[in-house]
Amino acid sequence: MSLLQVNKLSKTYPNLGGPPVQAVSEVSLHVDEGEVLGVVGESGCGKSTLGRSLLRLIEPSSGEVIFAGKSLTRLSQTEMKAVRRDMQVIFQDPFGSLNPRHTVGYIIGEPLIVHRRGNKAERRRRVEELLGIVGLPQDAADRYPHEFSGGQRQRIAIARALALDPKLLIADEAVSALDVSIQSQIINLIADLQKRLSLAIIFISHDLSVIRHVSDRIAVMYLGRIVEVGPAEEIMQAP
Ligand code: ADP
Ligand code: ADP
């Protein structure tokens, strides 16, 4: 059984003064435990809408998402909060989600507080462990997000996303705002996490060169549809 199974998912946006926009059309896909699925396609083809619909950050218009054997379609938003412990997302610009008034240690440990995991000492240890996992120095915990570069901020966002030991990480253009050399560091980190934590990852990017080396399989999106999906080597060989 797949960790994630998506059946004919569609999303249509209302469009003031024009015809509705069908951003995602009958997308079906699956992600197995510990697998990296790359999703690639040009800007505007519906990748982000698809990623957010899986978590119901956007309500899909139709179709079904089954995560860890459970259909998410009829869950309340409160029930979805519990699902989002196991299915985390990181975005292109982590700055928006990193509260500038909180220390990095607090930001990374906050999900543990929200979900009442451990006492203060246990949370501190987990934060230290997470800093190590994402390759940030221990003294980062007492500093603030603005003291860090874009690549390091993405590491902070990843550490926070990992705090509750999710089964699936959705990375939505997570490296697109970074310099190419920093991009490859974050890509390597994500590949490393998949191996060490046997984490399943949906790696969304408009740039095939970003996902080609880390993806087990690649889904190609065009105008809201998946037009091709297969093992990364196969997709790379396609004319
Ligand atoms: P991608 O992530 O591949 O760039 P998006 O999912 O952001 O694609 O967008 C897919 C399509 O849906 C685009 O045509 C975009 O303009 C449209 N779209 C995205 N968000 C909205 C929205 N909130 N309201 C209306 N149209 C939207
Ligand atoms: P408060 O004193 O309001 O509880 P803290 O700043 O002590 O807030 O942080 C709360 C949680 O944030 C801690 O339990 C821990 O999870 C994490 N945290 C904050 N700062 C650090 C730090 N320097 N090292 C490790 N974890 C930290």
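The values are calculated or read from the model by the stated rules, or taken from the named source; none is laboratory data. A quick note: this is a predicted structure, and the numbers were derived from the prediction, not measured. Here the Cβ is made from the backbone with ideal geometry for all residues, glycine too, and neighbour counts use every protein chain on show. Areas reflect the complete protein model, heavy atoms only, side chains present, ligands, DNA and RNA absent. Shrake-Rupley method; radii C 1.70, N 1.55, O 1.52, S 1.80 Å.
Only a single criterion out of (1) over 13 Å from the mean Cα position of the chain (by Cα); (2) away from ligand 1 (no atom under 16 Å from the Cβ); (3) not in a loop (DSSP other than H, G, I, E, B) is not satisfied by ASN99, namely (3). Being among the β-branched types (Val, Ile, Thr) and either open to solvent by 70 Å² or more (accessible area, probe 1.4 Å) or within 16 Å of ligand 2 (Cβ to nearest atom) (or both) is true of THR78.
One residue alone among VAL227, VAL210, VAL180, VAL175 is within 16 Å of ligand 1 (Cβ to nearest atom) and open to solvent by 10 Å² or more (accessible area, probe 1.4 Å), and that residue is VAL227. Criterion applied to ARG101, ARG117, ARG126, ARG153 was being among the charged types (D, E, K, R), closer than 28 Å to LEU54 by Cβ and more than 11 Å from ligand 2 (Cβ to nearest atom), and the one residue passing it is ARG153. Hey, can you tell me all the residues within the stretch 40-51 that are under 11 Å from the mean Cα position of the chain (by Cα) and either more than 9 Å from ligand 1 (Cβ to nearest atom) or open to solvent by 10 Å² or more (accessible area, probe 1.4 Å) (or both)? Passing the criteria: only SER48. One residue stands out in the stretch 102-124 among those that are more than 18 Å from TYR144 (Cβ to Cβ) and part of a loop (DSSP other than H, G, I, E, B): the one that is farthest from ligand 1 (Cβ to nearest atom), namely ASN119. The set of residues in the stretch 1-25 being farther than 13 Å from LYS47 by Cβ, assigned to a strand (DSSP E or B), within 15 Å of ligand 1 (Cβ to nearest atom) and open to solvent by 20 Å² or more (accessible area, probe 1.4 Å) consists of THR12, TYR13, VAL21, GLN22.
Taken residue by residue, the stretch 208-216 has at least one member that is touching a helix residue (DSSP H, G or I) at 6+ places or on another chain (Cβ under 7 Å), at pLDDT 95 or above and assigned to a loop (DSSP other than H, G, I, E, B).
Results for (1) within 21 Å of LEU199 (Cβ to Cβ); (2) free of Cβ contacts under 8 Å to residues at least 40 places away in the same chain, shown as yes or no for each residue.
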{"residue": "GLY105", "(1), (2)": "no, yes"}
{"residue": "PRO111", "(1), (2)": "yes, no"}
{"residue": "ARG125", "(1), (2)": "yes, yes"}
{"residue": "ALA140", "(1), (2)": "no, yes"}
{"residue": "GLN152", "(1), (2)": "yes, yes"}
